[in-house]
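See below for the structure under consideration.
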Amino acid sequence: MHATDVMTTNVITVAPDTSIQDLATLLGNHGISGVPVVDAANNLVGIVSEGDLLHRAETGTERRTERRRVRWLDSFLGDRDLARDYVKSHSRTVRDVMTRDVITVTETTGLDEIANLLETEGIKRVPVVRDGKVIGIVSRANLVRALVATKTQPATSTDIDDRTIRNTLLAELQGQPWARVWAADVIVRDKVVHLWCSDDRSEEERRALRIAAENTPGVRGVEEHIVVVPMIPSL
């Protein structure tokens, strides 16, 4: 699936000269946590979120300043941070609090890439652009809804026999570097997968093996058998 398959198209946007009060009202009335900022031609120029409104003078939540710098460079950098905080807490328009370097995607960007962006960049939404103009937005909520849309019923077809189930599962495990499973460790009988695992395998690996088996078409159940690894005596 791609961005175009899940994105919100009726995107709410604001202009750079939108007041902070109007922005706060907009976010509250629509129950959203952030919006793209566009110019008169709908070109993306920034993005602003509720996080940009956390520390405001009006609510008494602005950051408190403490002078504890001694080195010249530390003092210079500290002054710059303090100035930035002051802008965030006292500015009157969106242009002074918005993020200008916006991470964007296109209509054909895969959902896997979008999910990675949201996670690694610590953001909640990403605008979808075409020729610099906003045509949609993909948020974490969009990805969750996409997951709901992929819901399928467990395979119940009687034409999937034990041998097919076993071969399908082994093929899946062979492509996973963590699996490390011998074919003899996987037996399927009456559509129930029996997995033999040594007791020195991690819980995460055993759980992954079980999930791989459960997701194999035709499987009715999974049984795990633990094999005790003999201790090697020290010499």
*Using a cut-off of 19 Å between alpha-carbon atoms, which aspartates and glutamates can reach K88, once sequence neighbours fewer than 8 places away in the same chain are excluded?*
D17, D22, E50, D52, E58, E62, E66, D79, D96, D101
_Over segment 192-231, what is the relative contact order in percent, taking alpha-carbon pairs closer than 8 angstrom and at least six residues apart?_
62
*Once amide H atoms are built 1.01 Å from N in the peptide plane, which residues 5 or more positions from V188, or in another chain, come under 5 Å H to H?*
H194
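A short reminder: the numbers here are calculations on the coordinates, not readings from a lab. Source: prediction; values computed, not measured.
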